[in-house]
1. Give 115, 155 a once-over and let me know the one that is open to solvent by less than 20 Å² (accessible area, probe 1.4 Å), in a helix (DSSP H, G or I), at pLDDT 90 or above and among the charged types (D, E, K, R).
2. What is the one condition in (1) at pLDDT 90 or above; (2) under 19 Å from residue 132 (Cα atoms); (3) in contact with a Leu (Cβ under 6 Å, 6 or more places away or on another chain) that residue 41 does not satisfy?
3. One residue is enough: does region 112-120 have a residue meeting the conditions β-branched (Val, Ile, Thr) and more than 17 Å from residue 37 (Cβ to Cβ)?
4. State all residues of region 10-36 that are open to solvent by less than 20 Å² (accessible area, probe 1.4 Å) and of a type in the set (S, T, N, Q); if no residue qualifies, say none.
5. Residue 165 passes all but one of (1) in contact (Cβ under 8 Å) with a residue 12 or more places away in the chain; (2) under 22 Å from residue 48 (Cβ atoms); (3) surrounded by 14 or more Cβ atoms within 10 Å (Cβ to Cβ); which number fails?
6. In region 37-56, is there at least one residue being open to solvent by 20 Å² or more (accessible area, probe 1.4 Å), in contact with a Pro (Cβ under 8 Å, 6 or more places away or on another chain) and within 18 Å of residue 124 (Cβ to Cβ)?
7. Go through region 57-99 residue by residue and tally those that are of a type in the set (Val, Ile, Thr), open to solvent by 70 Å² or more (accessible area, probe 1.4 Å) and at pLDDT 90 or above.
8. Consider residue 127 carefully, then state whether it is open to solvent by less than 70 Å² (accessible area, probe 1.4 Å), in contact (Cβ under 8 Å) with a residue 40 or more places away in the chain and of a type outside the set (Asp, Glu).
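The values are calculated or read from the model by the stated rules, or taken from the named source; none is laboratory data. As the structure is a prediction and not an experimental result, all values here were calculated from the model. Please note: Cβ atoms are built from the backbone with ideal geometry, for glycine as well, and neighbour counts cover all protein chains shown. Side chains are part of the model used for accessible areas, which takes the heavy atoms of the whole protein and leaves out ligands, DNA and RNA. Shrake-Rupley method; radii C 1.70, N 1.55, O 1.52, S 1.80 Å.
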Amino acid sequence: MTAKIDIINSMLATTGTLKLSSADSAHPAYIEADLILTNELETFNSMELWFNTSKRELQPDVDGRIVVPSDALWVNPTNQENISIRGQYLWDHDENTDIINKTIYCTIAIAVPIEHMPPAASQYIRALARYTYFLDQDGDARKAQHYMTAMQRAEYNLYNMNTKLSGLNFFKGPGFANFATRRYPSNANGAGGNIKIR
């Protein structure tokens, strides 16, 4: 199990900062690393991956509204209805209403805490967070290349695992284009840029 503080300390170690504990959450380095990790997790959790998505049937309540699960990040109806999340309910864009009055069959992505992610996912998040944090600290190009290579390796492992466990449906999902052509920050030394997984 990977704890958030373990990843933060891994990020801080790239610049030689000593380990902190959750009790040090007011430390400037902790705050900066935590912000980067939070942003990366938000982006990552919105991808359609084997462990954070499921097929569900959502039923309307007595008023005809469909309450969205509180941990849902997005809902993708399987029958091409023009429906999305608005507030705590599903919203029908064609009818401009949240009164839907029918069962919606959909794929739902939920936010998975880092502690509950499978190893391939947490290893990718760790490598990505280390790389991003190091670049933000204006690290030298040689070390940046090292962290980028580690991140690419973890990304490739995650991609392969997702392909095995998701099947071809992954390539039809909203997360694939973003996953396969992810943009990484570049610095003055030339590290970073576009990375495509083949």
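1. Numbers: 115 fails: open to solvent by less than 20 Å² (accessible area, probe 1.4 Å).
The match here is 155.
2. Among (1) at pLDDT 90 or above; (2) under 19 Å from residue 132 (Cα atoms); (3) in contact with a Leu (Cβ under 6 Å, 6 or more places away or on another chain), the lone unmet condition for residue 41 is (3).
3. Of region 112-120, the ones β-branched (Val, Ile, Thr) are 112, 114.
Those still in the list that are more than 17 Å from residue 37 (Cβ to Cβ) too: none.
The answer is no, given that none of the residues of region 112-120 is β-branched (Val, Ile, Thr) and more than 17 Å from residue 37 (Cβ to Cβ).
4. 10, 14
5. All conditions pass for residue 165, except number (3).
6. Checked region 37-56: at least one residue is open to solvent by 20 Å² or more (accessible area, probe 1.4 Å), in contact with a Pro (Cβ under 8 Å, 6 or more places away or on another chain) and within 18 Å of residue 124 (Cβ to Cβ).
7. Initial filter on region 57-99 (of a type in the set (Val, Ile, Thr)): 62, 66-68, 75, 78, 83, 85, 97, 99.
Now narrow it down to the ones that are open to solvent by 70 Å² or more (accessible area, probe 1.4 Å): 62, 67, 78.
Next cut, at pLDDT 90 or above only: 62, 67.
Total satisfying the criteria: 2.
8. Working: open to solvent by less than 70 Å² (accessible area, probe 1.4 Å): yes; in contact (Cβ under 8 Å) with a residue 40 or more places away in the chain: no; of a type outside the set (Asp, Glu): yes.
Against the criterion (open to solvent by less than 70 Å² (accessible area, probe 1.4 Å), in contact (Cβ under 8 Å) with a residue 40 or more places away in the chain and of a type outside the set (Asp, Glu)), residue 127 does not qualify.
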